[in-house]
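The values are calculated or read from the model by the stated rules, or taken from the named source; none is laboratory data. Just so it is clear, the model here is predicted, and its values are computed rather than measured. When we count neighbours, we look across all protein chains shown, and the Cβ atoms used for this are built from the backbone with ideal geometry, even at glycine.
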Amino acid sequence: MYFGFVESLKGVSRESKNAIIAEIKPYSPIHGDLLKGRRVEDILNAYERAGAAAISYITAKEFKGDFETLRKITELTELPVLRKDFIRDILEVERSADAGVSALLLIARHLKDKTAEFVDSCFEHGIEPIVEVHRPEDLVYVKNARVVLINNRDIDQMEKDGGNTSVTAGIAGKIEGYKISGSGIATVEDLTFVLKYVDAALIGTAFMMAEDTESFVRAFVEARG
């Protein structure tokens with residue numbers, strides 16, 4: 001059982017569409033404010049109409065996210081929701097489950113040997129642990145995870161490295177289970193490249209900066225490689 005998150009992504013793929021996790025990202029350390037005065041629910045609705053398979057939201061204060069908005073999103077959508085944050089306290093697993101999320105991001109580089117404990121706790125609370133890796137040396141911590149997100153950026157650089165989709169190409173073959181590529185995917189060409197190696201893609205900044213959100217996201221959902 002995948003608690004609905006992966007099933008939604010796979011369901012979209014069976015319809016010959018791309019499995020896209022669309023992120024509601026309030027702020028970028030590089031680009032600044034991404035909401036531009038828009039309501040979260042309007043962005044969410046655009047993502048839903050465009051065919052996104054799941055929603056991601058960053059609660060980390062570094063990205064000007066907050067927990068109450070996360071709760072609001074889970075209440076407003078029937079799509080599975082991924083919570084992203086710099087999770088270091090295992091109590092955040094239960095807190096995330098109580099907020100109604102379907103999945104929680106766990107950064108292997110930060111949790112290291114504790115990753116397996118956090119993964120198991122997610123399973124116990126009925127949410128899918130998404131273990132994030134960036135370097136080959138992170139892979140030792142993903143052994144009990146069913147879903148792995150390859151971050152094309154170095155998370156500790158706070159977007160200053162720009163992101164490079166070749167990171168996905170370099171380590172995807174060493175990962176078992178369901179694979180997601182995230183960060184640095186700005187164009188349909190970037191998407192079709194990473195989907196040669198992974199099952200799904202998580203996209204935030206490019207979607208948030210698009211002039212016509214719905215049309216832009218739909219182009220990614222429906223693009224064929």
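Miscellaneous remarks
- Qualifying positions in the stretch 1-24 - at pLDDT 95 or above and either within 20 Å of ARG153 (Cβ to Cβ) or over 16 Å from the mean Cα position of the chain (by Cα) (or both): LYS17, ILE20, ILE21, ALA22, GLU23, ILE24
- Taking each residue of the stretch 191-206 that is free of Cβ contacts under 8 Å to residues at least 60 places away in the same chain and farther than 13 Å from GLY170 by Cα and looking for partners that are assigned to a loop (DSSP other than H, G, I, E, B) and of a type in the set (Gly, Ala, Ser) with beta-carbon atoms closer than 8 Å, six or more apart or interchain, yields THR192/ALA223; THR192/GLY225; ALA206/ALA186.
- Flag for PHE118 being in contact with a strand residue (DSSP E or B) (Cβ under 9 Å, 6 or more places away or on another chain), aromatic (Phe, Trp, Tyr) and touching a residue at least 60 places away in the same chain (Cβ under 8 Å): no
- Residues satisfying the stated conditions in the stretch 44-68, i.e. of a type in the set (A, V, I, L, M, F, W, C) and not in a helix (DSSP H, G or I): ALA52, ALA53, ALA54, ILE55, ILE58, ALA60
- Candidates ARG38, ARG71 - the one that is modelled with pLDDT of 95 or more, outside any helix (DSSP H, G or I) and basic (Lys, Arg): ARG38
- The stretch 170-199, residues that are loosely packed, with under 15 Cβ neighbours inside 10 Å, in contact with a helix residue (DSSP H, G or I) (Cβ under 9 Å, 6 or more places away or on another chain) and part of a loop (DSSP other than H, G, I, E, B): THR187, LYS196
- Pair list, Cβ < 6 Å and 6+ apart or interchain, from the stretch 46-65 residues that are free of Cβ contacts under 8 Å to residues at least 40 places away in the same chain and more than 18 Å from LYS10 (Cβ to Cβ) to residues that are of a type outside the set (A, V, I, L, M) and part of a helix (DSSP H, G or I): THR59/PHE67
- Being touching a strand residue (DSSP E or B) at 6+ places or on another chain (Cβ under 7 Å), of a type in the set (S, T, N, Q) and either at pLDDT below 90 or over 19 Å from ALA22 (Cα atoms) (or both) is a property that does not hold for SER166.
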